[in-house]
Amino acid sequence: MSNFSKFMKANKKVKENEKHPVTKSLCDENGMPLEWEFRHITSGENEAIREECTLEIPVTGKPNMYRQKIKGSLYVRKMIAASIVTPDLYNKELQDSYGVMSPEDLLLAMVDDPGEYNELAAYVQRFQGFDVSFEDKVEEAKN
């Protein structure tokens, strides 16, 4: 097999979904936290999410000059929502039961404990291949 053929899609490993308990607030009949299912998002999906969460901020004193600013918490929330297979955050009946109208708002309503949400954000970022969380990178850039 030539080196070139090793790069063919047929040789690419399939990334498996994972299950992970997210909140103690939603449990099965035995009192165990329900496991949510997560999928890997593609680099293309990640770029689209990043673009949605990027603002163009005018540079003071420099007409027609802008700098980009990423809304970090929105980016992480959208990435988490895009990663979740089960429960289906796009399900209208589930959204209606929480009185929300978007997958991201449903996520916040279902995981309403800040500590659990932070743990979920860290888990999804690791699952998606980020060794250092996006929020840590933002903090590092500020210093």
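The values are calculated or read from the model by the stated rules, or taken from the named source; none is laboratory data. What you see is a predicted model, and the numbers here were worked out from it, not measured in a lab. Positions of Cβ are backbone-derived with ideal geometry, glycine not excepted, and every protein chain shown enters the neighbour counts. Protein only, heavy atoms only, side chains kept; ligands, DNA and RNA dropped before computing areas. Shrake-Rupley method; radii C 1.70, N 1.55, O 1.52, S 1.80 Å.
Summary of computed values
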{"read-out": "Which numbered condition residue 132 misses (of (1) at pLDDT 95 or above; (2) open to solvent by 30 Å² or more (accessible area, probe 1.4 Å))", "value": "(1)"}
{"read-out": "Complete set of residues in segment 70-103 that are within 23 Å of residue 130 (Cβ to Cβ) and among the polar types (S, T, N, Q)", "value": "73, 83, 86"}
{"read-out": "Filter result for residue 40 (touching an Asp or Glu at 6+ places or on another chain (Cβ under 8 Å) and under 17 Å from residue 87 (Cα atoms))", "value": "no"}
{"read-out": "Residue count, segment 36-61 (criterion: on the phi < 0 side of the Ramachandran plot and without any contact (Cβ under 8 Å) to a residue 24 or more places away in the chain)", "value": "13"}
{"read-out": "Out of 17, 11, sole residue that is in contact with a Phe, Trp or Tyr (Cβ under 8 Å, 6 or more places away or on another chain) and either surrounded by fewer than 12 Cβ atoms within 10 Å (Cβ to Cβ) or more than 13 Å from residue 87 (Cα to Cα) (or both)", "value": "17"}
